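One structure below.
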Ligand SMILES: C[S@@+](CC[C@H](N)C(=O)[O-])C[C@H]1O[C@@H](n2cnc3c(N)ncnc32)[C@H](O)[C@@H]1O
């Protein structure tokens, strides 16, 4: 889940070197070669963390699993996270509100892309509205003080550096879905990964020039009781 370690490497600069941070992911190829010496990367699934990690961590950070988790996975990860946190420890989950697909339907190319993305999302029963589901899951797992904060961020080149950055990262996230979409048959819209990539690039250019192109991010945080 640490992916390329962007969050954990940044977090390491905000804590004393005596604080150790552990990043886990299924795939070691994502781990960065360079990282602070108090950051440790482990090949490990969130669903079955080591038994000896029970009641160990002060903070658990989970970010952008919305495109990776199937419906039952959210509860499994929340249950395991509850187990490994110390009493009084916090979990924070940052996710994209995937109803973004509607927000980005800002032109003919975007609408074609929206059709494909919504089709695979629906077929797999994936979460679209994290704020609508995760708070209850966290409460069921025993967390308290569940809090949700949402922020809307620009996804266009008209809104400064942040808008350009989101434009890049969100279009890259869509591009990464190409193989899965073609394996699923292309939903009558695209017939090759190349064609899908071209569609993402064309849609991105529609968002780029439209100040209304934005995405909503949801932060859900909660505490394990003492
Ligand atoms: C979209 S990336 C997000 C990476 C990182 N959290 C970030 O925000 O930069 C999702 C990551 O979750 C990892 N992942 C998916 N299922 C996992 C699991 N069951 N256990 C651990 N990592 C998992 C994937 O390998 C991928 O690196």
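Structure notes:
- Ranked 147, 29, 216, criterion: other C-beta atoms within 10 Å, fewest first: 29, 147, 216
- According to the Kirkwood relation over distinct C-alpha pairs, the hydrodynamic radius of the range 1-51 is 11.2 Å.
- Label point at residue 30 placed 7 Å out along Cα→Cβ; residues across the range 159-187 whose backbone nitrogen lies under 18 Å: 169-181
- Note on the range 125-185: Kirkwood hydrodynamic radius from all Cα pairs is 14.6 Å, rounded to one decimal.
- Angle between the chain longest axis and helix 193-208 axis [Cα atoms, degrees, rounded to 10]: 90
- Using alpha-carbon coordinates, inclination of helix 108-123 to the longest axis of the chain, degrees: 50
- Listed from fewest to most Cβ neighbours within 10 Å, the set 53, 121 follows the order 53, 121.
- Relative contact order for the range 45-223, counting Cα pairs under 8 Å that sit 6 or more residues apart, in percent: 31
- Helix 130-140 and the longest principal axis of the C-alpha atoms of the chain enclose an angle of approximately 20°.
- Relative counts (whole %) of C-alpha pair distances in the range 27-156, using bins that are 5 Å wide: 2, 8, 16, 19, 17, 15, 12, 7, 3, 1, 0
- With a simple spin-label model that places each label point 7 Å from the Cα along the Cα-to-Cβ direction, the separation between residue 202 and residue 18 comes to 6.0 nm.
- √(5λ) per eigenvalue of the Cα gyration tensor, the range 1-85, largest first, Å: 21, 16, 11
- Pair-distance distribution P(r) for the range 100-226, from all Cα-Cα distances in 5 Å bins starting at 0: 2, 10, 18, 18, 16, 14, 10, 7, 4, 1, 0 percent.
- Within the range 120-159, the percentage of alpha carbon pairs spaced more than 14 angstrom apart rounds to 64%.
- Scaled radius of gyration (Cα, divided by 2.2 N^0.38 Å) that the chain gives: 1.08
- Take every DSSP beta bridge whose two residues both sit in the range 45-223; close to 75 percent of them are antiparallel.
- Per-q log10 I(q)/I(0), the range 88-150, q = 0.12, 0.25, 0.27 Å⁻¹ (Debye; single scatterer per alpha-carbon; no solvent): -0.42, -1.04, -1.14
Every read-out reported here was derived from the displayed coordinates using simple, explicitly stated rules and does not represent laboratory data. Keep in mind that what you see is a predicted model, and the values were worked out from it rather than measured. Every residue, glycine among them, receives a Cβ derived from its backbone with ideal geometry; neighbour counts consider all protein chains shown.
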